[in-house]
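**Q** Submitted below is the structure of interest, expressed as structure tokens.
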Amino acid sequence: MRERGEAGAVVMLLGDSGVPYADTYYDNRWVEAKGWDLAEPTAALARLTGA
């Protein structure tokens, strides 16, 4: 990018097994206790990934 005179950012995503989050983010009861409604973000992700 620099050689072409372009400005921007490079983003890299790394995933993990999710084991550290098994009793929090991946636990529906924990999420509900936080008052979070993840229906729309989950649907948007499904549309994006085709899942």
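**Q** Would you call Val11 under 15 Å from the mean Cα position of the chain (by Cα) and exposed (fewer than 10 other Cβ atoms within 10 Å of the Cβ)? Before the answer, list the steps.
**A** Values: under 15 Å from the mean Cα position of the chain (by Cα): yes; exposed (fewer than 10 other Cβ atoms within 10 Å of the Cβ): yes.
Yes: the conditions hold for Val11.
**Q** Taking segment 19-51 as the region of interest, how many residues are of a type outside the set (S, T, N, Q), part of a loop (DSSP other than H, G, I, E, B) and at negative phi?
**A** Summing the residues that are of a type outside the set (S, T, N, Q), part of a loop (DSSP other than H, G, I, E, B) and at negative phi in segment 19-51 gives 10.
**Q** Conditions first: (1) assigned to a helix (DSSP H, G or I); (2) charged (D, E, K, R); (3) exposed (fewer than 10 other Cβ atoms within 10 Å of the Cβ). Arg4 passes all but one, so which condition is the exception?
**A** Failed condition: (1).
**Q** A further question follows. Would it be correct to say that Ala46 is within 15 Å of the chain's Cα centre (by Cα), among the aliphatic types (A, V, I, L, M) and modelled with pLDDT of 90 or more?
**A** Yes.
The values are calculated or read from the model by the stated rules, or taken from the named source; none is laboratory data. This is a predicted model, so every value here is computed, not measured. Note that each Cβ is placed from the backbone with ideal geometry, even for glycine, and that neighbours are counted across all protein chains shown.
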